[in-house]
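Novice: This structure is in structure tokens; I'll ask about it shortly.
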Amino acid sequence: MRVNQNTIEEIKSWIEAHFNEHIELLKALAAIPAPSGEEDRRVKFITDWLASHGLPCRTDEAKNVIVPFFTDSDGEISCYTAHTDVVFPDPEPLPVRIEGGRMLAPGVGDDTANVAAILTMLRYIREHGMKSASPVMFALNSCEEGLGNLKGIRQLMKDHAGRIRQVVSFDCELDAICVKAVGSERWRISVRTEGGHSFGGFGNASAIHHSARLISRLYEQPLPPFEGRTTYNVGTVSGGTSVNTIAQSCEMLYEYRSENADSLRFMREQFKALLSEANCEKAAFEAELLGERPCGGKVDEAAFEALVERCAREIEAVTGELPKLGIGSTDANIPLSLGIPAVTFGLMRGGGAHTREEWLDIESLKAGLEVGLRLVIGAHFE
């Protein structure tokens, strides 16, 4: 089902008439700090905003803000999401500025712009008195980034187990649809040694030295012999006390990723073997699994292809360009791992994701809103 031409023209006119308000909403939202697990201030802003526009919502134990339509029926639910957290740990308001047709702010594109897009889409639906023809749920979810470990989307899938028909995660940009899940495992590795004074205790075991030896072995390990890309990375290393102290402790964060579940198992077994070899009388290693993102499971191919085609068709209709199909690690990992059709794409264009210089093209937000409204209204509202 698709929206008719009259509705398309109405959507375009409404976006133009309310675009400045949408920009102000995005500016306000982008300034609110929201490290993973600490999205409370954004949750309050969003729930207050929804209430002010007559849109009932609820918040679950994972800090997801949920706006349901007709979900108390027995039908399967279509779910549209965008995550409220950002990668930046700042407790203070984030800087937001507009320059040369761009909005710049840490996290403005990933994923604040898509959160704001869902809110404005809900406003359109409310103001036009639309009724859902099938169960649909909008969720502004938590903990997508980093060690948030997809807590928000996991909670949504758990609470609505057996009822979710499909998931569209609004994240990233308009020019590509993520159709395959990259799984990963993240570890905290710590080591303790005797340590001592750099001169008086020279020759004592150093935690930094033993960590460096393990890191070297991790970077020398062979890749799995299975289909698909696999990567690994030691992202942080910390330890020691001073320049004249032999370190007693050291800690690192390590991850591996793959689009192949067999490869993830291979990497885990290889990691544990290398860790066991590194353990010795002089150095005691420990590893803690901090995060685990699954690869995709067995999904109904026809249903999945229909979802991808529907999203691609609306993007092409608005932008004139057929989106590329790609792979990634997003909220869609969880429904895909459960066999639920799910895709990820964004409702804007920009760059610099996960940097302090992140930006988006303001004019692209109009196309994003149109794509989102056409997609949602065409499938669920009348």
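Values in this text are rule-based calculations from the coordinates and carry no lab data. Keep in mind that this is a model prediction, so the values were computed, not measured. No Cβ is skipped: glycine too gets one built from the backbone with ideal geometry, and neighbour counts run over all protein chains shown.
Novice: Write down Rg/Rh for the chain, rounded to two decimals, with Rg from the C-alpha atoms and Rh from the Kirkwood relation over Cα pairs.
Specialist: Rounded to two decimals, Rg over Rh is 1.04.
Novice: Suppose only helical runs count, i.e. DSSP H with n ≥ 4. What mean residue ellipticity at 222 nm does that imply for the chain under -39500 (n - 2.57) per run, divided by all residues and rounded to the nearest 500 deg cm²/dmol?
Specialist: The helix contribution divided over the chain gives -11500 deg cm²/dmol.
Novice: For the stretch 240-311, go through all pairs of different Cα atoms, get the mean of 1/r, take its inverse, and jot down that Kirkwood value in Å.
Specialist: Radius from the Kirkwood sum: 16.3 Å.
Novice: To continue, here is another question. Dipole size in debye (nearest 20) for the chain around its Cα centre, Lys and Arg Cβ +1, Asp and Glu Cβ -1?
Specialist: Charge dipole, the chain, about its Cα centre: 460 debye, nearest 20.
Novice: For the stretch 1-151, just the Cα set please: Rg and Dmax, both in angstrom.
Specialist: Gyration radius and largest Cα-Cα distance of the stretch 1-151: 16.0, 49 Å.
Novice: Report the normalised scattering of the stretch 58-141 as log10 I(q)/I(0) at q = 0.16, 0.21 Å⁻¹, calculated by the Debye formula with identical scatterers on the alpha carbons.
Specialist: So the normalised log intensities are -0.75, -1.05.
Novice: In the stretch 191-222, which chymotrypsin sites (Phe, Trp or Tyr not before Pro) fall in coil by DSSP and have 12 or fewer other Cβ atoms within 10 Å?
Specialist: Within the stretch 191-222, the qualifying chymotrypsin sites (Phe, Trp or Tyr not before Pro) (loop, at most 12 other Cβ atoms within 10 Å) are F199, F202.
Novice: Another one. Around F381, which amide H atoms from residues at least 5 apart in sequence, or from another chain, sit under 5 Å from its own amide H, with H modelled in the peptide plane?
Specialist: Close amide H contacts, sequence-distant or interchain: A133.
Novice: Determine one quarter of the surface area of the Cα convex hull of the stretch 183-293, which equals its mean projected area, and express it in nm² to one decimal.
Specialist: Answer in nm², one decimal: 6.7.
Novice: Something else: Evaluate Rg over Rh across the stretch 95-201, taking Cα atoms for both radii and Kirkwood's formula for Rh.
Specialist: 1.18
Novice: Using the Cα centre of the chain as origin and beta-carbon charges of +1 (Lys, Arg) and -1 (Asp, Glu), tell me which of S258, V65, A207 is placed farthest towards the positive end of the dipole.
Specialist: It is A207, whose Cα lies furthest towards the positive end.
Novice: Relative to the longest principal Cα axis of the chain, at what angle does helix 207-220 sit, 0 to 90 degrees, rounded to 10?
Specialist: 60
Novice: How do K298, K324, K180 line up, fewest other C-beta atoms within 10 Å first?
Specialist: Fewest-to-most Cβ neighbours within 10 Å comes out as K298, K324, K180.
Novice: Which angle from 0 to 90°, rounded to the nearest 10, does the C-alpha axis of helix 364-380 make with the longest principal axis of the chain?
Specialist: With both axes taken from Cα atoms, the answer is about 70 degrees.
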